[in-house]
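Everything on this sheet refers to the single structure shown next.
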């Protein structure tokens, strides 16, 4: 395993070394020591490497991730895995605001809680949260899946498009055009796979599914009060 220590080198140099890896690299395993809440750590990776960050991080950890697996053995600040394309990002602690924002693919796992706007404008990412999520999560979610093993805050799924939301606990309130939907067999199987990928042993039958009522796709005066 290659060790990178932020007490011994700059963040710019550390990220540059990770960016230098390619699909043909033999140096697959990396660890980052003493992150000390650094921002933009391990961003823009584009190689099938495994990176473990031994500590908590600041803004935009593992943003724009492609192919890599990034594990944060601590908490993550706002915007973790923002706009990720593929690969896996796992937070062993809590995540701050807008985790997985605009994510287009890959899997984000948060083993603690996530703050407000988790999965905002998600575009294909799968997000599995072992704990609770804050208000306005999945706002304008377009596609992908958000799994919440705990509770959800106010305005879940506000202005939702076609993202699928699965919540085991309570939902404080649903946002505009978000409704509870039937949990069919295909959704149980999909959720079972997501829970396995998220290293969560919850029972899929305990979850409820939420999605778009599809009333806001085009303006209709009869639905004006919902805008």
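Structure data summary
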quantity	calculated
Single residue of the stretch 91-102 satisfying the filter (surrounded by fewer than 22 Cβ atoms within 10 Å (Cβ to Cβ) and touching a residue at least 24 places away in the same chain (Cβ under 8 Å)) that is nearest to residue 60 (Cα to Cα)	97
Selection count where residues are in contact with a helix residue (DSSP H, G or I) (Cβ under 7 Å, 6 or more places away or on another chain) and closer than 14 Å to residue 71 by Cα, scope the stretch 85-127	1
Residue in the stretch 184-192 that is part of a loop (DSSP other than H, G, I, E, B) and without any contact (Cβ under 8 Å) to a residue 60 or more places away in the chain present	yes
Hey, residue 160 crowded, with 19+ Cβ neighbours inside 10 Å, touching a strand residue (DSSP E or B) at 6+ places or on another chain (Cβ under 8 Å) and not in a loop (DSSP other than H, G, I, E, B) or not	no
Per-region count, the stretch 24-38, residues touching a strand residue (DSSP E or B) at 6+ places or on another chain (Cβ under 8 Å) and within 22 Å of residue 93 (Cα to Cα)	9
Identity of the residue in the stretch 59-76, touching a strand residue (DSSP E or B) at 6+ places or on another chain (Cβ under 8 Å) and surrounded by fewer than 22 Cβ atoms within 10 Å (Cβ to Cβ), that ends up nearest to residue 122 (Cα to Cα)	66
Number of positions in the stretch 103-154 that are out of contact with any strand residue (DSSP E or B) (no Cβ under 7 Å at 6 or more places or on another chain) and either buried (at least 24 other Cβ atoms within 10 Å of the Cβ) or at positive phi (or both)	6
Hey, residue 186 surrounded by fewer than 17 Cβ atoms within 10 Å (Cβ to Cβ) and closer than 10 Å to residue 210 by Cα or not	no
Failed item in (1) in contact with a helix residue (DSSP H, G or I) (Cβ under 7 Å, 6 or more places away or on another chain); (2) surrounded by 21 or more Cβ atoms within 10 Å (Cβ to Cβ); (3) more than 28 Å from residue 69 (Cβ to Cβ), with residue 177 passing the rest	(2)
Matching residues in the stretch 19-43 - criterion: being buried (at least 17 other Cβ atoms within 10 Å of the Cβ) and modelled with pLDDT of 95 or more	30, 32, 35, 38, 40, 41, 42, 43
Filter result (touching a residue at least 24 places away in the same chain (Cβ under 8 Å) and closer than 17 Å to residue 178 by Cβ) within the stretch 108-128	116, 118, 119, 122, 127
The stretch 191-220, residues that are farther than 16 Å from residue 162 by Cβ, touching a helix residue (DSSP H, G or I) at 6+ places or on another chain (Cβ under 9 Å) and surrounded by fewer than 16 Cβ atoms within 10 Å (Cβ to Cβ)	192, 201, 203, 205
Odd one out for residue 167, checked against (1) touching a helix residue (DSSP H, G or I) at 6+ places or on another chain (Cβ under 8 Å); (2) more than 17 Å from residue 121 (Cβ to Cβ); (3) crowded, with 21+ Cβ neighbours inside 10 Å	(1)
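The values are calculated or read from the model by the stated rules, or taken from the named source; none is laboratory data. What you see is a predicted model, and the numbers here were worked out from it, not measured in a lab. When we count neighbours, we look across all protein chains shown, and the Cβ atoms used for this are built from the backbone with ideal geometry, even at glycine.
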